[in-house]
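Engineer: Before we start, here is the structure in question, set down as structure tokens.
The values are calculated or read from the model by the stated rules, or taken from the named source; none is laboratory data. Remember, predicted model here, so these are calculated numbers, not experimental data. A quick note on method: Cβ atoms are made from the backbone with ideal geometry, for glycine too, and the neighbour counts reach across all protein chains shown. These accessible areas exclude ligands, DNA and RNA; they are computed on the full protein's heavy atoms, side chains included. Shrake-Rupley method; radii C 1.70, N 1.55, O 1.52, S 1.80 Å.
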Amino acid sequence: MTTASAPVLEIRDLSVSFPTETGTVSAVDGVSLDLAAGEIVGMVGESGCGKSVTAMSLAGLLPSSARVTGSVRLDGTQLVGARESALRRVRGREIAYIFQEPMTSLNPVLTVGRQIGEVLQVHERMSRRAARARAVELLTLVGIPSAAQRVDNYPHQLSGGMRQRVMIAMAVACGPKVLVADEPTTALDVTVQAGILQVLRDLRDRLGTSVLIITHDLGVIADIADRVVVMYAGRVVERAPVDDLFAHPRHRYTAGLLSASPQPGRHAGTDRLTEIPGLVPVLASQPDACTFADRCPAADEQCRAAAPPLEDVGGTDHVAACWHPCITAPTAAQEANR
Amino acid sequence: MTVLTVPMAETGTASITRRTRVLRRLRRNPLAVVSFVVLALAGVIALLSPWLAPYSVDQTDFARTFAPPGTAGHLLGTDDLGRDVLSRIMLGARASLQVGLLAVATSLVIGVPLGLAAGYFRAWDAVISRFTDLLLAFPFLIMAVGLAAIRGASLGNAAVAIGIAQIPGVIRVVRSDTLRLKSLDFVAAAVVDGASDLWVLARHILPNATSVILVQATVAIPAAILGEAVLSFLGLGIQPPAPSLGTMLATAQQFAARAPWAAVFPGVVIMGLALAFNVFGDALRDALDPKGDRR
Amino acid sequence: MARYLLTRAWQSALTLLLSTIVVFVGVRALPGDPALALAGEDRSPEALEAIRRHYGLDQPLPVQFAQYVERMAQGDFGVSIRTGTPVSSMLTTALPVTVELSVLAILIAAALGVGAGVLAAVRRGRPAEWLANGLALIGLSVPHFWLGLLAILYLSVATGLFPASGFVPILEDPVDNLHHIVLPAVILGTGLAAIIMRQTRSAMLDSLSSDYVRTAKAKGLRPRAVITRHALRNSLIVVVTVVGLQLGGLISGAVVTEQIFGLPGFGKMTIDAVFQRDYPVIQAVVLLTAAAYIVINFFVDLLYSVIDPRIRVTGDPA
Ligand SMILES: Nc1ncnc2c1ncn2[C@@H]1O[C@H](COP(=O)(O)OP(=O)(O)O)[C@@H](O)[C@H]1O
Ligand code: SF4
Ligand SMILES: [Mg+2]
């Protein structure tokens, strides 16, 4: 890490597994990541890579069956294994969340003002009236027109994009240090997406919030992130500044993602990262091997015999976990994009 | 478990694996196994009760009225006319099951086609839901009161009254499952291929709606058994001297001071039967649930 | 909202009309001469002729139906064959008993059922859930008239804790009234409680795993606030619907319960009427039950639209 100041959020060797009816599922394996103040980090990977589980584990929001090990420090305070009451003070106040489905993530029987105000009443001990007034300001902040009327609307009276703005207003109500946005634009139209991303960027600029944005849309990453983490089967396989990653993907999986996505740097729209043949494995335990080996064109004995470590692969702050990183390898799509 | 061999044809091979999965889940659920065994036993006893019962149901013995349970020759005692309680309970349970099956058959014969039509043809939906509202306005007891006034009280009329009152429930579950199935690809594909509505309903929708119909039937039978008991207790169902658990309780109420135990056994049998059906119905519903994680 | 209510009102009115037709036709389907059935003790030809004229039995059917509706709307249900008193005055003495019994039973059932349902959903997989589930299954399977019988035998007769039968009007002596009605109400409430419990539990499990509950947790709310303000509020929409659908069962249950506890209500009046072939009373009972069911359900719909803003504000049922 070359960030000057101490990171706001420091994730070290985070692992999560779930005991299930059919055996243990290892969802996250040894993830490490730092989030500096005011930084936007993108996290990409196909469905089932462990992105959401990583995100939910930060504030202890996983179901109680989850086994979490490793360390998550927020401004130095350990959150893994912290008491529920301590975690409740972190949730919504220091680490706030935005989820994928704005349609279902808001409570249908409460007005949006009430739902935003609720955070303030809990964490800032505001009165209901003061919380409502603040909710109007927050709605204006996230770009909702005639907020004074909208505050008394129920979720079903708003469009998808509006609801996601409400979710954002709710998330930033207490001025959190970290905003975790789990696929915030996946369920929205492309034009609406751009607006939501703009709001997130604004908030980072104005409030200095660090943002962890999760997506499987490389266009979103290119649009908003400062740095990128690529996840595969529960592991971080590559991490780099955004330009560097797009220009010089090192891990074979990243390279596959980039060539599967037609025009990086633009909105990839609804294109999903499914063009790489094969599926993300659901693992019972973490093997001592590269978990991408079954789908990798460059896989060999070494890849199947030992897990590649995350190592510096040149450039500033660019690491990848691959025994045979791509050396040249701008993909055809990138070639076309130059 | 012969009921489960009804083909469930989501699509060819998938149906076989699905059926085995459902059966496996049922076998692994101890409550399902126990309730199934109880029901199977009850079924066998009910079928064979005319031969199994130690006494004829109307064989009176005025020398030994109100014999307490455990009396030699009368395991569960005798009633006000000296009739053997055990024999009467066995035949009463048989009548209960008869009414249960008859009522549910009535509700399915009328309710399933209406549910299919309501879910499949938009134009029929409004008409059928008015019909449902109308039926709901006459609770089974009121229906039975009306039927008894017009046609007299009997086992058959009790079963019909209960069955009619259960039609709305059948319509509701079949309708919503039809709506769900109609939107699935394989049904849409059949429609595109030019299959007639009746063909689609009979070949694609009905077979796949079997599981919700089965679950509905499993919960409707115990309700009908309880309904029969109520009606017979009130004198609106099975008529004495024919044995019925409900009429036995009515008699027991009259003589409760002399023979309080007589009020216990018939009730326990009614509850046992209903409980076994309800437990099995729950287990069946869980086993059929594709999410599979809800008990 | 206005549109939704208008639609529901129109549907209710239609159902009411249809059920009146059903009863009207049912009365014609009674065995024998309707005049004879309505005549009571005095069956002289003159009396029968008077009855035919009074009830318009000599008119064409549509006219008869119109007159019938008019009479019913005025509360003229005829005269009891057995007692000679107007059916309407029998109803005014019987109804309060039944209404009190039913309301009390619903309150008990809702408190028990919602409480146990929430508990079972929140304590998923723990002993509390098994206990609540087991009790609900038993409550669903036990014939509650039998429970009533046992309660009289082992609670009233044996201990004298409660009166075994009889009724004291609430205005006469409220305490004694409650003393007489609480046991029947509990017995009647248990079956309904089981149904409410199961629906509450399943609705709560749905909302507890919903996205908006995840949001509520991520906001840092206390579990109690998550459960009551977010999960339960949404589940109640389902629960209210279920209670509405159970009204028919409640009416049936009240009849039996009154019969067992000797409460002089609607139910007892009905059963007596069936055995005495008191057709005017039976007819009034059937018609009034249907009307009550329809009207109450309309109010349940109103309540539903108060709880669910998706209906209240835009008129689209969820
Ligand atoms: N509660 C749970 N119980 C068992 N397995 C889970 C649970 N939550 C997530 N998983 C598994 O963890 C893996 C990662 O899931 P997730 O983090 O949601 O992926 P994504 O990258 O698409 O967000 C998946 O294989 C998923 O099946
Ligand atoms: S380590 Fe081997 S298998 Fe894994 S991505 Fe690199 S080359 Fe492919
Ligand atoms: Mg996810």
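Engineer: Run the accessible area of chain A with a 1.4 Å probe and give the carbon-and-sulfur part as a rounded percent.
Structural biologist: Values: 6930 of 13610 Å².
So the carbon and sulfur contribution to the accessible surface is 51 percent.
Engineer: What does the charge count around C:Y68 come to, taking other residues whose C-beta lies under 13 Å from its C-beta (Lys +1, Arg +1, Asp -1, Glu -1)?
Structural biologist: After counting each charged neighbour, the total is 0.
Engineer: A follow-up question, please. In debye to the nearest 20, how big a dipole does segment A:103-174 give about its Cα centre with +1 on each Lys and Arg Cβ and -1 on each Asp and Glu Cβ? Spell out each step's value before the answer.
Structural biologist: Details: 9 positive and 4 negative charges, 22 e Å.
Rounded to the nearest 20 debye, it is 100 debye.
Engineer: Let me ask another. Quote the charge dipole size of the protein assembly as shown about the Cα centre in Debye, to the nearest 20; the model charges only the Cβ of Lys and Arg (+1) and of Asp and Glu (-1).
Structural biologist: 800 debye
Engineer: Relative to the first principal axis of the alpha-carbon coordinates of chain A, what is the inclination of helix A:128-141, with its axis defined by its Cα atoms, in degrees from 0 to 90 and to the nearest 10?
Structural biologist: Tilt relative to chain A: about 50 degrees.
Engineer: Over the protein assembly as shown, what is the percentage of antiparallel beta bridges among all DSSP beta bridges, to the nearest 5?
Structural biologist: The antiparallel proportion sits near 65 percent.
Engineer: Quickly estimate the mean residue ellipticity at 222 nm for the protein assembly as shown, helices only: each DSSP H run with n ≥ 4 gives -39500 (n - 2.57), and the total goes over all residues, rounded to 500.
Structural biologist: -18500 deg cm²/dmol
Engineer: Compute the Cα gyration tensor for the protein assembly as shown, then decide on rounded, prolate or oblate, letting a ≥ b ≥ c be the square roots of its eigenvalues: rounded whenever a/c is under 1.5, prolate when a/b is larger than b/c in the other cases, and oblate in all that remain. Could you put the intermediate results ahead of the total?
Structural biologist: On the way: a/c = 2.37, a/b = 2.04, b/c = 1.17.
The shape class here is prolate.
Engineer: All other residues with a Cβ under 10 Å from the Cβ of A:V8 taken together, and with Lys, Arg as +1 and Asp, Glu as -1, what is their net charge?
Structural biologist: Around A:V8, the surrounding residues sum to -3.
Engineer: I would also like to ask the following. Just to confirm my numbers, what's the Cα centroid distance between segment A:174-245 and segment B:223-295 in Å?
Structural biologist: 61 Å
Engineer: Right, next: For chain B, build the charge dipole from Cβ charges (+1 Lys, Arg; -1 Asp, Glu) around the Cα centre, then report which of B:S232, B:F280, B:A144 sits farthest towards its positive end.
Structural biologist: Looking along the dipole axis, the top candidate is B:F280.
Engineer: I've got another one for you. How far, in degrees from 0 to 90, does helix C:61-73 lean away from the longest principal axis of the Cα atoms of chain C, to the nearest 10?
Structural biologist: Roughly 60 degrees between the two axes.
Engineer: Name every cysteine in chain A that ends up alone, with no second cysteine's Cβ under 4.7 Å, or say none.
Structural biologist: A:C49, A:C174, A:C296, A:C322, A:C326
Engineer: Can you compute 3J(HN,Hα) from phi for each residue in segment B:87-103, using the Karplus curve 6.51 cos²θ - 1.76 cosθ + 1.60 with θ = phi - 60°, rounded to whole Hz and x for Gly and Pro?
Structural biologist: 4, 5, 5, 4, 6, x, 4, 4, 5, 4, 5, 4, 4, x, 5, 5, 4
Engineer: Continuing with the same structure: Choose one of B:P207, C:G267, B:A195: the residue whose Cα lies farthest towards the positive end of the charge dipole of the protein assembly as shown (beta-carbon charges +1 Lys, Arg; -1 Asp, Glu; about the Cα centre).
Structural biologist: Among B:P207, C:G267, B:A195, the one farthest towards the positive end of the dipole of the protein assembly as shown is C:G267.
Engineer: Most mobile of C:V255, C:V281, C:V25 per a Gaussian network model of chain C (Cα springs, under 10 Å)?
Structural biologist: Largest GNM mean-square fluctuation: C:V25.
Engineer: With the Cα gyration tensor of chain B in hand, convert its eigenvalues to equivalent ellipsoid semi-axes via √(5λ) and list them largest first in whole Å.
Structural biologist: Each semi-axis is √(5λ); the values are 42, 23, 13 Å.
Engineer: Between C:R43 and C:V103, how high is the FRET efficiency from 1/(1 + (r/R0)^6) when r is the Cβ-Cβ distance and R₀ = 35 Å? Nearest 0.05. Provide the component values of the computation, followed by the final result.
Structural biologist: On the way: r = 42 Å, r/R0 = 1.19.
Once rounded, the FRET efficiency stands at 0.25.
Engineer: Note down the magnitude of the dipole of chain B about its Cα centre, charges +1 on Lys and Arg C-beta and -1 on Asp and Glu C-beta and zero elsewhere, to the nearest 20 debye.
Structural biologist: Numbers: 24 positive and 17 negative charges, 138 e Å.
Charge dipole, chain B, about its Cα centre: 660 debye, nearest 20.
Engineer: Label segment C:42-109 by shape, choosing from rounded, prolate and oblate, from the square roots a ≥ b ≥ c of the eigenvalues of the Cα gyration tensor; if a/c is under 1.5 it is rounded, and otherwise prolate applies when a/b is larger than b/c, oblate when it is not.
Structural biologist: Note, shape of segment C:42-109 comes out oblate.
Engineer: Counting Lys and Arg as +1 and Asp and Glu as -1, what is the net charge of the other residues whose Cβ lies under 13 Å from the Cβ of B:T247? Mind showing how you got there, number by number?
Structural biologist: Working: positive: B:R83, B:R88; negative: B:D58, B:D79, B:D80, B:E228.
Summing Lys/Arg as +1 and Asp/Glu as -1 gives -2.
Engineer: Right, here's the next one. If contacts are Cα pairs under 8 angstrom and at least 6 residues apart, what is the relative contact order of segment A:103-174 in percent?
Structural biologist: Numbers: 94 pairs, mean separation 31.8, N = 72.
Computed value for segment A:103-174: 44 percent relative contact order.
Engineer: Return a whole-number percent for the relative contact order of chain C, with Cα pairs under 8 Å and 6 or more residues apart as the contact set.
Structural biologist: Answer for chain C is 26 percent.
Engineer: Under a 5 Å amide H to amide H cut-off, with H placed in plane at 1.01 Å, what residues pair with B:H74 once short-range neighbours are removed?
Structural biologist: The answer is none.
Engineer: For chain C, what does the alpha-carbon gyration tensor say about shape, rounded, prolate or oblate, given a ≥ b ≥ c as the root eigenvalues, a/c under 1.5 as rounded, and a/b over b/c as prolate?
Structural biologist: Because a/c hits 1.5 or more and a/b fails to exceed b/c, chain C counts as oblate.
Engineer: For the charge dipole of chain A, defined by +1 on Lys and Arg C-beta atoms and -1 on Asp and Glu C-beta atoms about the Cα centroid, which residue among A:T22, A:G314, A:L207 has the Cα displaced farthest towards the positive pole?
Structural biologist: Final value for the positive-end residue is A:L207.
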